[in-house]
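Chemist: Please find one structure pasted underneath; my questions will follow.
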């Protein structure tokens, strides 16, 4: 169980984060960011450096993490979800702590507004909590107008997949199968591919039904680990 350290404040994290900024990385980071229409500022910091700093702040109180999520800098919000992910992965985490992290993620989803933030934290923060609770909210998120909420719906099921529970992954994939956003298409293809590693028959059944109509990028990701002849068969549908 994590022992919270109240000395680990958002202000202190931001000070340490700012020391990592690099003008040479600024353009690369800006191109990586995909939430069109949302005004954000950038420091220009390598993801690996943000993750390493977040691990040092794993004992940060939830109130301070919330402040980071509210920050205008993209890298601060990446740091926030990274701290949440590290906390959610703790082996002795309590269910109350899981709920606290889950509630923060959902209530601040408007701040979790790029695909990498979702991928960094949805599996353990959202999926980890919902695995022992009703997961109706995933189906609600899958129908959201917000693409990052839709991505959370499918990405969160990776925690279920790790427990050999793949039903929700394919059910949510059905909802998202004709999504218009390329980053949702890629996520759906990736996650049904991973679920298919647990039960190939279910993946093939899904492909038999949808391969001819799903977006091509979804199909390419989905068949990536199949045998060569199987890939060719489905790609010709």
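We did not get these values from a lab; they are worked out from the coordinates using the rules stated. Predicted model only: the values in this text are computed from it and were never measured. Backbone-built Cβ (ideal geometry, glycine too); neighbour counts: all protein chains shown.
Chemist: Report the calculated FRET efficiency for residue 233 and residue 136 (r = Cβ-Cβ distance, R0 = 35 Å), to the nearest 0.05.
Modeler: Efficiency for this residue pair is about 0.45.
Chemist: Once you place label points 7 Å from the Cα toward the Cβ at residue 201 and residue 103, how far apart are they in nm?
Modeler: Placing both labels 7 Å beyond Cα along the Cβ direction yields 4.3 nm.
Chemist: Return the single residue from 95, 87, 209 with maximal mean-square fluctuation; model: Gaussian network over the chain, springs between Cα atoms under 10 Å.
Modeler: Per the Cα network of the chain with a 10 Å cutoff, 209 tops the list.
Chemist: Express the relative contact order of the stretch 49-162 as a whole percentage, based on alpha carbon pairs under 8 Å and six or more residues apart in sequence. Before the final figure, lay out the partial values.
Modeler: Details: 127 pairs, mean separation 26.2, N = 114.
Relative contact order of the stretch 49-162: 23 percent.
Chemist: Something else: Compute the Cα gyration tensor for the stretch 184-237, then decide on rounded, prolate or oblate, letting a ≥ b ≥ c be the square roots of its eigenvalues: rounded whenever a/c is under 1.5, prolate when a/b is larger than b/c in the other cases, and oblate in all that remain.
Modeler: Rounded.
Chemist: When Cα Rg over 2.2 N^0.38 Å is calculated directly from the model, which label among [x] 1.06; [y] 0.99; [z] 0.93 fits?
Modeler: [x]
Chemist: How would the stretch 1-79 be classified by its alpha-carbon gyration tensor: rounded, prolate or oblate, with rounded meaning a/c under 1.5 and the a/b versus b/c comparison settling the rest?
Modeler: prolate
Chemist: Among 35, 116, 136, which one shows the biggest mean-square fluctuation in a GNM of the chain, springs joining Cα atoms closer than 10 Å?
Modeler: Per the Cα network of the chain with a 10 Å cutoff, 136 tops the list.
Chemist: Ignoring everything except DSSP H segments at least 4 long, calculate the 222 nm mean residue ellipticity for the chain; use -39,500 (n - 2.57) per segment, divide by total residues, nearest 500. Present the calculation step by step, with values, prior to reporting the outcome.
Modeler: Details: 15 runs with 146 residues, N = 237.
The helix contribution divided over the chain gives -18000 deg cm²/dmol.
Chemist: First check a/c for the stretch 134-237, with a ≥ b ≥ c the square roots of the eigenvalues of its C-alpha gyration tensor; if it is under 1.5, answer rounded, and if not, answer prolate when a/b is larger than b/c or oblate otherwise. List each step's numbers first, then the result.
Modeler: Values: a/c = 2.17, a/b = 1.36, b/c = 1.59.
Because a/c hits 1.5 or more and a/b fails to exceed b/c, the stretch 134-237 counts as oblate.
Chemist: Here's something else I'd like to know. For the residues 97, 59, 228, 140, what sequence is obtained by ranking on other C-beta atoms within 10 Å, fewest first? Display every interim value, and only then the final one.
Modeler: Numbers: 97 18, 59 15, 228 7, 140 11.
Taking fewest neighbouring Cβ atoms as first place, the list is 228, 140, 59, 97.
Chemist: Rank the residues 131, 124 as a footprinting-exposure proxy: fewest other Cβ atoms within 10 Å of their Cβ go first.
Modeler: By the 10 Å Cβ count, ascending: 131, 124.
Chemist: In addition: Among 194, 39, which comes first, second and so on when ranked by fewest other beta-carbon atoms within 10 Å?
Modeler: By the 10 Å Cβ count, ascending, the order reads 39, 194.
Chemist: Between 169, 28, 152, find the one with the highest GNM mean-square fluctuation for the chain; connect C-alpha pairs within less than 10 Å.
Modeler: Highest fluctuation of the listed residues: 28.
Chemist: Length gain on complete extension for the stretch residue 27 to residue 182, per 0.36 nm per residue less the alpha carbon to alpha carbon distance? All intermediate terms of the calculation are to be shown ahead of the outcome.
Modeler: Details: separation 155, 0.36 × 155 = 55.80 nm, distance 2.20 nm.
Stretched fully, the residue 27-residue 182 segment lengthens by 53.6 nm.
Chemist: Sticking with the crude label model, points 7 Å out along Cα→Cβ, report the distance from residue 20 to residue 171 in nm, one decimal please.
Modeler: Reported label-point gap for residue 20 and residue 171 is 3.8 nm.
Chemist: Still on this structure, I have one more. Which FRET efficiency value, to the nearest 0.05, is calculated for residue 2 and residue 225 with the Förster distance at 41 angstrom and r the Cβ-Cβ distance? Provide the component values of the computation, followed by the final result.
Modeler: Numbers: r = 35 Å, r/R0 = 0.87.
My answer for the efficiency is 0.70.
Chemist: For the chain, what's the relative contact order in percent, using C-alpha pairs closer than 8 Å and at least 6 residues apart?
Modeler: 13 percent
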